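Take a look at the structure below.
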Amino acid sequence: MVKAGLEDIVAATSTICDVNGKEGRLIYQGYDIHDLAKHSSFEEVVYLLWYGRLPTKTELETISRDLRGNRKLPDEVVSAMRSFPKTANPMDVLRTAVSVLSMYDPEVSDKSREANVRKAIRLTAKLPTIVAYWDRIRNNKELLAPNEDCNLATNFLFLLKGEMPADVEAKSLDLALILHADHELNASTFAARVAAATETDIYSTIVAAIGTLAGPLHGGANQEVIKMLLKIGEPSNVESFIKKMLEEHKKVMGFGHRVYKTEDPRAWHLRQMSEALGKRVGDTKWYEMSRKIEELVLADKGLYANVDFYSASVYYMLGIPIDLFTPIFACSRMAGWAAHVLEQYSNNRLIRPRAEYTGPNNLEYVAVEKR
Ligand code: ACO
């Protein structure tokens, strides 16, 4: 019997990430996400995911320096972006810009692990620049040179807003990047691994992953969550709005998960962050509304909030435009995609499953003029 959506099918062995859906645990290379959220940085998590262990101080300095030094985009890529329609969706821009980038990387077809790590560094460093630059290009704003003196999260907010973020803002984004960095065989990572298994180049694998993440059942859900919160408008409207959605069997975005059957451990951190950022700006409305929605959906459907639910209000309170929420997810998941692509390349076999044929048989061919 074929299980729709490959539910519970184990399709690879991997040392990178373990999702324990029953206990609500998430592990990167042996480390619990709660410990990483408390002590680590996005740059350190990148190293951990790619090399399978925490870096020494020197190794962390080296990877951080490499990530800082590769933020600039080739002029040709910026020119290509300037030629895109200003109405283009940022995920489409990101996917296309990564494709264009590949043509300006002289190492694109070098298949050694060393070259692939260098390309992964370039991609991880450049994705945030593409996202921030696109927002400025479409708003006719000047493009700033990347700041090479700060971490990836701080530089992204600087490039986007044109000023250095407050510490708490940069720290919140850094934590969000840690939490989104990997999640086992989620749809976009699986797409990347399928592409990698054909031995195509790493850029092509990331293009496949970005296109897959864009869907509203995957990374696109965070944008739908904030649109819903804005539509609800006030805490007093939550109950009637959500009850109506549930009665009409509509999906409440940001809830449910194929693997987690209890609370998503990432949602716990994002919930705290949403409350803290709300208090900071003196408006906890989005947090309060989110809490109420959580209660209603859990009571009615037994469904818990997933990573996309609270990341929505967090990014909104960081002043990030709504259609950049999913591209930011991509900037973080780039770390996980690269880890899985490197792992796939290192022990590869073409991924080629079968389909159970359920179509007709033995039909007689009828000439076109007789149909
Ligand atoms: N709101 C209301 N009902 C839901 C929701 C939801 N968010 N999610 C699942 N259900 C219900 C379904 O309607 C279905 O009910 P039924 O059996 O009565 O028809 C049942 O729960 C099972 O749902 P499926 O969609 O079959 O579950 P699946 O494992 O295929 O999907 C998914 C998981 C895609 C995450 C789903 O829960 C969903 O669509 N959630 C909303 C979108 C979302 O938040 N996506 C982000 C996921 S996290 C990530 O990708 C980063």
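Quick check for you: with a 1.4 Å probe and neighbouring chains kept, what is the accessible area per residue of segment 221-317, in Å²? Write down the numbers at each step before the final one.
Numbers: 4540 Å² over 97 residues.
Counting only protein heavy atoms, the per-residue value for segment 221-317 is 47 Å².
Of all the accessible heavy-atom surface of segment 221-317, with the other protein chains kept in place and a 1.4 Å probe, what percent is carbon and sulfur? Don't jump to the answer; show the numbers that get you there.
Working: 2270 of 4540 Å².
Carbon and sulfur together cover 50 percent of it.
Applied to segment 79-84, the Karplus parametrisation 6.51 cos²θ - 1.76 cosθ + 1.60 on θ = phi - 60° returns per-residue 3J(HN,Hα) values of 4, 4, 4, 5, 7, 6 Hz, with x for Gly and Pro. Of THR87, THR13, THR189, the residue with the greatest mean-square motion in the GNM of the chain, using alpha carbon springs below 10 Å, is THR87. The phi-based Karplus calculation (6.51 cos²θ - 1.76 cosθ + 1.60; θ = phi - 60°) puts the 3J(HN,Hα) values of segment 239-251 at 4, 5, 4, 6, 4, 5, 4, 5, 4, 7, 6, 8, 7 Hz, whole numbers, x for Gly and Pro.
Put simply, segment 238-368 fits an ellipsoid with semi-axes of 38, 25, 15 Å; these come from the alpha carbon gyration tensor as the roots of five times its eigenvalues, largest first. LYS3 sits with roughly 100 Å² accessible to a 1.4 Å probe, with DNA, RNA and ligands left out of the calculation.
Annotation: amide H of GLY215 within the under-5 Å range of GLY220, sequence separation 5 or more or interchain, hydrogens built in the peptide plane.
Dipole size of segment 225-371 about its Cα centre, with +1 on Lys/Arg Cβ and -1 on Asp/Glu Cβ: approximately 260 debye, rounded to the nearest 20.
Residues whose amide H falls under 5 Å from that of PHE255, counting only those 5 or more places apart or on a different chain, are ASN306, with hydrogens built in the peptide plane. The phi torsions of segment 210-217, fed into the Karplus equation with coefficients 6.51, -1.76 and 1.60 and a -60° offset, translate into couplings of 5, x, 6, 4, 5, x, x, 7 Hz, rounded to whole numbers, with Gly and Pro shown as x. Sparse packing (at most 10 other Cβ atoms within 10 Å of the Cβ) combined with a DSSP loop state is found for none of the chymotrypsin sites (Phe, Trp or Tyr not before Pro) in segment 301-332. Between ALA37, ALA299, ALA125, the Gaussian network model of the chain with springs among Cα atoms under 10 angstrom shows the greatest mean-square fluctuation at ALA299.
Considering only PHE156, PHE241, PHE190, the mean-square fluctuation computed in a Gaussian network model of the chain, springs between alpha carbons under 10 angstrom, is largest for PHE241. Taking amide H atoms as placed 1.01 Å from N in the peptide plane, the amide H of ARG25 lies under 5 Å from those of ASN20, each 5 or more residues away in sequence or on another chain. Entry note, the chain: relative contact order of 23 percent, from Cα contacts under 8 Å with a spacing of 6+ residues. Each residue was assigned an accessible area with a 1.4 Å probe, and for ILE202 the value is about 0 Å².
Compute the whole-percent fraction of alpha carbon pairs in segment 214-299 spaced more than 16 Å apart.
When every Cα pair of segment 214-299 is considered, 57 percent fall beyond 16 Å.
At the residue level, TRP50 shows approximately 10 square angstrom of accessible surface with a 1.4 angstrom probe and all protein chains present.
State the Kirkwood hydrodynamic radius of the chain in Å, one decimal place, computed from all pairs of distinct Cα atoms.
On the way: mean 1/r = 0.0462 Å⁻¹.
Across the chain, the inverse of the average 1/r is 21.6 Å.
On a 1.4 Å probe surface of the protein chains, which of MET91, MET253 comes out largest in accessible area, and what is the full order? Show your work: numbers first, answer last.
Details: MET91 10, MET253 45 Å².
Largest accessible area first, the list is MET253, MET91.
The values are calculated or read from the model by the stated rules, or taken from the named source; none is laboratory data. Just so it is clear, the model here is predicted, and its values are computed rather than measured. Note: ideal-geometry Cβ built from the backbone for every residue, glycine included; neighbour counts use all protein chains shown. Side chains included, ligands, DNA and RNA excluded: accessible areas come from the protein's heavy atoms. Shrake-Rupley method; radii C 1.70, N 1.55, O 1.52, S 1.80 Å.
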